[in-house]
Amino acid sequence: MLLRQLEYLTTLAREKHFARAAEACFISQPAMSAAIRKLEAELHVQIIQRGNRFIGFTPEGERILKWAYRILAERDSLIEDVGAMREGLSGRLRIGCIPTALCVVPILTSLLCQDQPRVRVQVSSMTSIEIQRGLSQYGLDVGVTYIDNEPLTGVRTVPLYRERYLLLAAEDDLDEGDAATWAEAAEHPLCMLSEDMQNRRILNSVFEQAQAKPQPAVETNSISALYAHVREGPWATVLPHSWLLRFGVPEGMRAVPLVEPEISKTIGLVLHDRDPEPILARAFVDTAQQVDLDELLNATTPA
């Protein structure tokens, strides 16, 4: 068995097309097919469902694919680990982050890159489900997501900060006072994240707990699009307090804490539960544990 054969499998799983996978691997399609058939003969199982086009993997193939992801990830970790002993940390740290935490990640990545200038960072905006999948397929080194809401499997977690929620609305549309209830928030014409986002599912559950039924006028999976709508239109939004660190409060608007109930959720790092830990992921965890994000975020937002 060659590592190259496993790379062909993982590329085929990503591309879901023989010709595109072969092109991505810089070989001909017949050569890729022959390599996969050779692997099937060595393992005495059929890996690919045969047809005029790529249909998918057999159950045995799905199991082999999981091992392929793991073996290739361990190969990469070995290279990084040995390289760090010789030259210090280097390589690419792949981070998947839910949109609501994207504004906080630069605090950590900037510190990591200052300490380790040879490390490159790739940050991707993902849903929590995509982060879980990326970790299980070894396509991510670290995720940043909720760790005390929907269940996570096969990961280690490191808490970062507690996410609180604010109502952002035009000053003239807010009653006097230092807070608003969730029921009051539901009465505003709201901009909200779309239903595929865990943040939205959290907000839906809190509104239900408050026996309130918001009717969002605008839904989006983009934080920047949501903020742009709130700035330009007659809308309000419920936002995590961390957003104010980067976006601030638009002119003519005010952000107040939401109460009745008072809710917070834990944002944290998630990494694949494997030993030894990948050296870049461990370095990122060590960096994160040096920063009191709760203190930093609370200093910039309403109490």
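Descriptive notes on the structure:
- Accessible carbon and sulfur surface of the chain relative to its total accessible area, %, 1.4 Å: 49 percent
- What the chain shows is 51 Å² of accessible area per residue, with the surface traced by a 1.4 Å probe over protein heavy atoms.
- Between A31, A101, A283, the residue with the greatest mean-square fluctuation in the GNM of the chain (Cα pairs under 10 Å linked by springs) is A31.
- For the stretch 127-208, dividing the convex hull volume of the Cα atoms by the residue count gives 120 Å³ per residue.
- The mean sequence distance of close C-alpha pairs (under 8 Å, at least 6 residues apart), as a share of the length of the chain, puts its relative contact order at 21 percent.
- Per residue Cα convex hull volume in Å³ - calculated over the stretch 3-74: 79 Å³
- For E262, the accessible area of its heavy atoms, probed at 1.4 Å with every protein chain present, is near 150 square angstrom.
- Using a probe of 1.4 Å on the protein chains alone, the accessible area found for E15 is around 50 Å².
- Cα shape, the stretch 33-81, gyration tensor, a/c 1.5 rule: prolate
- DSSP-defined antiparallel bridges as percent of all bridges, the chain, nearest 5: 60 percent
- Pairwise centroid distance, computed over Cα atoms, of the stretch 214-290 with the stretch 102-149, Å: 14 Å
- For W235, solvent-accessible area (1.4 Å; no DNA, RNA or ligand), Å²: 70 Å²
- Cα gyration tensor shape for the stretch 165-303, rounded if a/c is under 1.5, else prolate or oblate: prolate
The values are calculated or read from the model by the stated rules, or taken from the named source; none is laboratory data. A quick note: this is a predicted structure, and the numbers were derived from the prediction, not measured. The area values use the complete protein model at the heavy-atom level, side chains included, leaving out ligands, DNA and RNA. Shrake-Rupley method; radii C 1.70, N 1.55, O 1.52, S 1.80 Å.
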